[in-house]
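Asks: My questions will all concern the structure given below.
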Amino acid sequence: MWDILFRYADAVGMIGVILILIAYYLLSVNRMSAMSMSYQWLNFWGAWLILYSLFFHWNLSSVVIEAAWILISMLGMYKVWRAGRTVEKRHYSSDNTL
């Protein structure tokens, strides 16, 4: 089983790279907002997939940047979620005042 995981580590890592590059491209051409949950998820899963490949092809500096990327993405997801809840609360409270 370990051989199978090792064999596909590079392919999994490349999928992660593609996800992060897609997110960055879409952000750069104004097709996606940094405050969208999809942008945050693309970065989060891309970093996890790259991190997976790094467990088989160890590089400490790359592990550190991918771990930071995951944490920053999680912070971004939290901010997007909080912003959505704030909008919902404002909308809900304005509906109740009618």
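Values in this text are rule-based calculations from the coordinates and carry no lab data. From a predicted model like this one, the values you see are computed outputs, not experimental measurements. FYI the Cβ positions are ideal-geometry reconstructions off the backbone, even for glycines, and counts take in every protein chain you see.
Asks: What nm distance separates the two modelled labels at Met14 and Val64, each placed 7 Å from Cα along Cα→Cβ?
Replies: Reported label-point gap for Met14 and Val64 is 2.9 nm.
Asks: Here is a further query. Please compute the net charge surrounding Tyr52, taking Lys and Arg as +1 and Asp and Glu as -1 over other residues with Cβ under 11 Å from its Cβ.
Replies: Once all neighbours under 11 Å are counted, the net charge is -2.
Asks: Given R₀ = 25 Å, what would the calculated FRET efficiency be for Trp41 paired with Met1, taking r from the Cβ atoms and rounding to 0.05?
Replies: 0.30
Asks: Kyte-Doolittle cut-off 1.0, length cut-off 18 Å along the helix's own axis using Cα: show which whole DSSP H helices in the chain pass.
Replies: Going by DSSP H runs, the hits are 9-28.
Asks: If you don't mind, another one. Read through the labelled values (i) 36, 29, 27; (ii) 69, 43, 17; (iii) 64, 29, 24 and report the label of the one computed as Cα extents along the principal axes in Å from the structure.
Replies: (iii)
Asks: Could you check the simple spin-label distance between Ile72 and Ala34, using points 7 Å along Cα→Cβ, in nm with one decimal?
Replies: It works out to 0.9 nm between the two label points.
Asks: Could you list Trp69, Trp41, Trp2 so that the one with the fewest beta carbons within 10 Å of its beta carbon is first and the one with the most is last?
Replies: Least crowded to most crowded, the residues run Trp2, Trp41, Trp69.
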